[in-house]
Amino acid sequence: MKRLLILLITIVMCMGLGITSSAKVSTTYDPLWTNILSMSNSIGFDGTEGSAYATVKGKTGTTEISGTLTIYRQSGSDWVYVTSTSSTTSSIRLSLGCDFSGVSGTYYKSVFEVTVTINGNDESETKTDYATCP
């Protein structure tokens, strides 16, 4: 009887450990940026008219932000340049936008490349978004 009781207690304890260890673990990761507070990039279509919009915000003390937003379309396994825009600011935020004509059924990407400077220290980052022209 004693062995049966010990066996039951062991099983209950193991089941409790199994429940605890099966808890969902978050897979969301926050970037560990030094100079960049936030960064976004999105591309989309209204019919075949495409647009991309990107924004970066530097942390307190930002002295300069430079960025380029470039649009590419896929052709086979290659990416073909469509258009781009660039700017540099001494503000804490930089926003860029591009409008372009898309080809129905074609895959596009917008690539946002930035450099944020604080006290002479540069931090560069790239953010890419994808969309298919309907």
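The values are calculated or read from the model by the stated rules, or taken from the named source; none is laboratory data. The structure displayed is predicted, hence computed values, not measured ones. No Cβ is skipped: glycine too gets one built from the backbone with ideal geometry, and neighbour counts run over all protein chains shown.
Selection within region 100-123: residues that are in contact with an Asp or Glu (Cβ under 7 Å, 6 or more places away or on another chain) and farther than 18 Å from Asp78 by Cα. The member of this set that is surrounded by the most Cβ atoms within 10 Å (Cβ to Cβ) is Val116. Evaluated against (1) among the hydroxyl-bearing types (Ser, Thr, Tyr); (2) under 29 Å from Ser124 (Cβ atoms); (3) at pLDDT 65 or above, Thr28 falls short on exactly one condition, (3). Contact annotation: residue pairs with Cβ atoms under 6 Å, 6 or more positions apart or on different chains, pairing a residue in region 66-92 that is under 21 Å from Asp122 (Cα atoms) with a partner that is among the aromatic types (Phe, Trp, Tyr), are Leu69/Phe112.
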